[in-house]
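The values are calculated or read from the model by the stated rules, or taken from the named source; none is laboratory data. Just so you know, these numbers come straight off a predicted model, no measurement behind them. Here the Cβ positions follow ideal geometry from the backbone for every residue, glycine too, while neighbour counts run over all protein chains shown.
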Amino acid sequence: MQLTHGETPWKTTKQSMVISKEVIKSFFKTQDIVQQIAFPSKEQRLKNAALLLLSDYENDKELTNLTLIDSDDFYDYETK
């Protein structure tokens, strides 16, 4: 509570008033960690897709070769 109440939305809103959704949204849009999670770079999206594929191959012993289906899944994930 002490950390959040030191942030701009809480500092700029009068005590006992409700902080508007717009103020909260605006504040969190400027936070780097939110940007990294909500709007990952193309490189990060590709890394995430590769990790998902790696998990499939590690957990399913029948998958020994990259199949057309897997590459389509990778492409679909990367383009979202």
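What is the number of the single condition among (1) modelled with pLDDT under 80; (2) assigned to a helix (DSSP H, G or I) that residue 48 does not meet?
Condition (1) is where residue 48 drops out.
How many residues are surrounded by 10 or more Cβ atoms within 10 Å (Cβ to Cβ) and at positive phi when one looks only at the range 1-60?
Of the residues in that region, 0 qualify.
Okay, residues lined up against (1) of a type in the set (D, E, K, R); (2) modelled with pLDDT under 80:
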{"site": "1", "(1), (2)": "no, yes"}
{"site": "10", "(1), (2)": "no, no"}
{"site": "24", "(1), (2)": "no, no"}
{"site": "34", "(1), (2)": "no, no"}
{"site": "37", "(1), (2)": "no, no"}
{"site": "57", "(1), (2)": "no, yes"}
{"site": "62", "(1), (2)": "yes, yes"}
